[in-house]
Amino acid sequence: MKRKHNLEESIKQLKEDPKNNKNFIYQLINSNLYTPVRNITESIDGTSLIFNTLVDNKNHQYLIFFTNVDEILLNEGLSKQDIIEVSYSDIISIIFDETSFYHGFVINPFTDSIIVDREDIYQINNKTKKAASIPSSAPPNNISDSKSTIFGIPMIYPVNEFEFICHYFRSNKYVDKVYFTLMQQGGQDTYIFGIEHSLDFKSLEKEIYDTIKFYLPKSYDINVLEYQHLPQLSSESLMLLYEK
């Protein structure tokens, strides 16, 4: 079990100085939190959990989490529910599930009331990414003309990860459009991203490649190209992933 007191101390520091959030971010992504859940039922698909939420004046729903069980006991109704322990990664998976309607989450809602919304999560991910070890190898930049090469839009792709990638593109003022296709060649799958841009591509290429590589699973092969270097593909084989 991960220790909570470092997160609680970082929350105190954050409340004293909201600009000093580096330690809070570090402790948050490396800590587990508690949350009460209702109606745990077993089904063929596994365990079904109903989470408690708070709603703000804009009707946004937030999940609630606690740094310790004592915080939960402050509310008599919640104290009677089952309590589970979750990691930061678990929380992100819940919030960014493709069926999710949650706007974020609140830590210790009855005392500290630290609100972390989706925009905050994007910022945390970006700060974490910059501090992480990112492969420095140069991105590949060629596509074979082999007749055995097939392009298309996959029926299943990592929707949550693509949302983070699109958020990065929204923050990059030099990226105008991004197209996406899956290339199958010799039994190998490669995610191809075609970029329309307003800056010298050599100045953008590695940053875009490293960012996409960071968010996608390590097992995924990717290639980043200027849009005009993509093969001529029909709309059924090429997805407009992002447009400014």
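Regarding residue 112, is this residue over 24 Å from residue 15 (Cβ atoms), in the same structural domain as residue 11 (by TED's automatic domain parsing) and over 13 Å from the mean Cα position of the chain (by Cα)? Criteria not met by residue 112.
Tell me which of these residue 173 doesn't satisfy, since it passes every other one: (1) over 20 Å from the mean Cα position of the chain (by Cα); (2) surrounded by 13 or more Cβ atoms within 10 Å (Cβ to Cβ). Exception for residue 173: condition (2). Tallying residues that are modelled with pLDDT under 90 and under 16 Å from residue 113 (Cα atoms) within the stretch 5-16 yields 0. Which number in (1) over 16 Å from residue 105 (Cα atoms); (2) at pLDDT 90 or above; (3) not basic (Lys, Arg) marks the one condition that residue 40 misses? Unmet condition: (2). Applying the condition of being over 29 Å from residue 100 (Cα atoms) and of a type in the set (Val, Ile, Thr) to the stretch 133-182 and asking which residue is modelled with the highest pLDDT yields 150. When 199, 216 are screened for being under 16 Å from the mean Cα position of the chain (by Cα) and hydrophobic (A, V, I, L, M, F, W, C), only 216 passes.
Considering the stretch 202-213, and only residues there that are without any contact (Cβ under 8 Å) to a residue 60 or more places away in the chain and surrounded by fewer than 19 Cβ atoms within 10 Å (Cβ to Cβ), the residue that is nearest to the chain's Cα centre (by Cα) turns out to be 207. Apart from one condition, residue 53 fits all of (1) in contact with a Phe, Trp or Tyr (Cβ under 8 Å, 6 or more places away or on another chain); (2) modelled with pLDDT under 90; the exception is (2). Summed over the stretch 65-105, the residues that are of a type outside the set (Phe, Trp, Tyr), outside any loop (DSSP other than H, G, I, E, B) and farther than 26 Å from residue 158 by Cα give a count of 11.
The values are calculated or read from the model by the stated rules, or taken from the named source; none is laboratory data. Values in this document were obtained by computation on a predicted structure and should not be read as measured data. All Cβ positions, even for glycine, are placed from backbone atoms using ideal geometry, and neighbour counts span all protein chains on display.
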